[in-house]
Amino acid sequence: MCGRYRIKDTDALTEELRRIFKIPDWVMGPRYNIAPSQELPVVVTDDAGKARVATMRWGLVPFWDKSEKPKIAPINARAEEAFTKPMFRQSIQKRRALIPADGFYEWKRLQGDQKQPFDICLKDGSRFFFAGIYEEATEIRPATYLLFTTRPNSLMAEIHNRMPVIITADRVQQWIAPGPVSAEQLVEFTEPCPAEQMVARPVSALVNNPRNDTPDCIVPVSDAK
């Protein structure tokens, strides 16, 4: 599961997009508490393989749903189901996407109904990309997307039983290259990010409310008992 993420260093991300994909500068302020249904930057390619940044809504609406109020709009999908669920089969082959981030949030269940939020990122603080898929815009709604999840690494297993698929820098262009992907390739793409490359810090309950979109969301607090 991944229900929130962040892009706090947008200047560094702009440099990353220019370096990796030759994408011109784009404008967006820092975001510390990105939530479902919001419209956010997503990296995709055209049929010729040229990368671009598009603004899409988080929550995938399948291409066959023509209603104004879709009944389903998942924000995550299990990578293991990308080839078996009808609503993902076409997108995984034709509309793969990279979702830029530099951290994400997950909630660890404590005693009773209590949950402790964690801010999770790479140890070196660098930017990364989630693996996802998208659907094109229609006359009644914008383009939409979701993130894939995979089994947890040892760090994430202490917090949650799933984690988002993080595509390594050497494979980002392969993920969004035009053309189909095989089941075997998908398994390779969706291996969990190594635990030794990541860090998880407990943060305050401010992040529970998506209206709180400030640097305070990532200020560490003492470890939960």
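Quick notes on this structure:
- One residue alone among 7, 34 is touching a Pro at 6+ places or on another chain (Cβ under 7 Å), within 19 Å of residue 203 (Cβ to Cβ) and either among the aliphatic types (A, V, I, L, M) or surrounded by fewer than 18 Cβ atoms within 10 Å (Cβ to Cβ) (or both), and that residue is 7.
- Pairs, first touching a residue at least 12 places away in the same chain (Cβ under 8 Å) and surrounded by 14 or more Cβ atoms within 10 Å (Cβ to Cβ) in segment 194-213, second of a type in the set (Lys, Arg) and not in a loop (DSSP other than H, G, I, E, B), C-beta under 8 Å, six or more apart: 207/4; 210/4; 213/31
- Flag for residue 124 being in a loop (DSSP other than H, G, I, E, B) and more than 30 Å from residue 218 (Cα to Cα): no
- Of all residues assigned to segment 168-175, at least one qualifies as being more than 14 Å from residue 82 (Cβ to Cβ) and either buried (at least 19 other Cβ atoms within 10 Å of the Cβ) or over 18 Å from the mean Cα position of the chain (by Cα) (or both).
Residue-wise test of (1) touching a residue at least 40 places away in the same chain (Cβ under 8 Å); (2) loosely packed, with under 14 Cβ neighbours inside 10 Å; (3) outside any helix (DSSP H, G or I).
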residue	(1), (2), (3)
93	yes, no, no
111	no, yes, yes
118	yes, no, yes
145	yes, no, yes
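- The set of residues in segment 191-209 that are under 16 Å from the mean Cα position of the chain (by Cα) and either over 27 Å from residue 18 (Cβ atoms) or in a helix (DSSP H, G or I) (or both) comprises 191, 192.
- Some residue of segment 72-84 being farther than 13 Å from residue 36 by Cβ, among the basic types (Lys, Arg) and part of a loop (DSSP other than H, G, I, E, B): no
- Take the conditions (1) surrounded by fewer than 19 Cβ atoms within 10 Å (Cβ to Cβ); (2) touching a residue at least 24 places away in the same chain (Cβ under 8 Å); (3) more than 30 Å from residue 219 (Cβ to Cβ); residue 50 misses just one of them, which is (2).
- Selection of strands (runs of 3 or more DSSP E) fully inside segment 7-64 by the criterion of at least 1 residues being closer than 28 Å to residue 180 by Cβ and among the β-branched types (Val, Ile, Thr) returns 39-45, 51-58.
- Number of the condition not met by residue 173 [criteria: (1) in a helix (DSSP H, G or I); (2) over 23 Å from residue 41 (Cα atoms); (3) in contact (Cβ under 8 Å) with a residue 40 or more places away in the chain; (4) of a type outside the set (A, V, I, L, M, F, W, C)]: (2)
Only the coordinates and a few stated rules stand behind these numbers; no lab work does. Values in this document were obtained by computation on a predicted structure and should not be read as measured data. All Cβ positions, glycine included, derive from the backbone under ideal geometry; neighbour counts span all protein chains shown.
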